[in-house]
Every structure is written in structure tokens, then in C-alpha cells.
Amino acid sequence: MRGPSWKRLDDVAPIVSLAAIGNDHHAVNAGWGVDWCKWYELNHRVYLKFGLAVRDIDGWVYRVAYHITAVGIL
């Protein structure tokens, strides 16, 4: 889904978090997380890039949630 097209974009405050994780068997030193999040503007739209981490041989990330607050002129 595409967001709005911006005439001027002053700043963006993105948040990315894990929404659903899973593990097939016993968790041994398992861990999940969002390591980093960056935003950039391309063709007057805001795009997110983020890094996910999963530490377990049978761990899964099923869903990721995000929210963007942007300041500028639409």
C-alpha cells in the first residue's frame, strides 16, 4: 500500500516493532528484535527500511507493525 505524495517533507518519526513471533520447538537462548530503522524519501513518498533479528534455529517472525509520523506539506 502506498502512502501520500508529499510536496515538502520536513521530518519523519518512524516506529517498527514485532507484531507476531513464533518458535516451533523449545526455545534455547531465543531472541527476536528490530535492530534498526531508517526512512528515506523517494518520488515524494516515505519509505522504511529496517533490520530484523531472530536468534534461534526454529524461530520465526510472522508480522511486523509500523507507524510513521511525518511533518510537512501534502
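For residues that are hydroxyl-bearing (Ser, Thr, Tyr) and open to solvent by 100 Å² or more (accessible area, probe 1.4 Å), scanning just segment 46-74, find the one that is nearest to Arg2 (Cα to Cα).
Tyr66
Only residues that are out of contact with any Phe, Trp or Tyr (no Cβ under 9 Å at 6 or more places or on another chain) and β-branched (Val, Ile, Thr): list them for segment 49-68, please.
Ile57
Filter the strands (runs of 3 or more DSSP E) completely within the chain down to those with at least 1 residues that are touching a strand residue (DSSP E or B) at 6+ places or on another chain (Cβ under 9 Å) and in contact (Cβ under 8 Å) with a residue 40 or more places away in the chain.
Details: elements: 8-23, 31-42, 45-55, 59-73.
The strands (runs of 3 or more DSSP E) meeting that bar are 8-23, 45-55, 59-73.
Filter segment 1-45 down to residues that are open to solvent by less than 100 Å² (accessible area, probe 1.4 Å) and among the polar types (S, T, N, Q) and give me whichever is nearest to Asp56 (Cα to Cα).
Among residues in segment 1-45 that are open to solvent by less than 100 Å² (accessible area, probe 1.4 Å) and among the polar types (S, T, N, Q), the one nearest to Asp56 (Cα to Cα) is Asn23.
The values are calculated or read from the model by the stated rules, or taken from the named source; none is laboratory data. Not measured: the values here are computed from a predicted model. Every residue, glycine as well, gets a Cβ built from its backbone with ideal geometry; the counts of neighbours run over all protein chains shown. Only protein heavy atoms, including side chains, enter the accessible area calculation; ligands, DNA and RNA are left aside. Shrake-Rupley method; radii C 1.70, N 1.55, O 1.52, S 1.80 Å.
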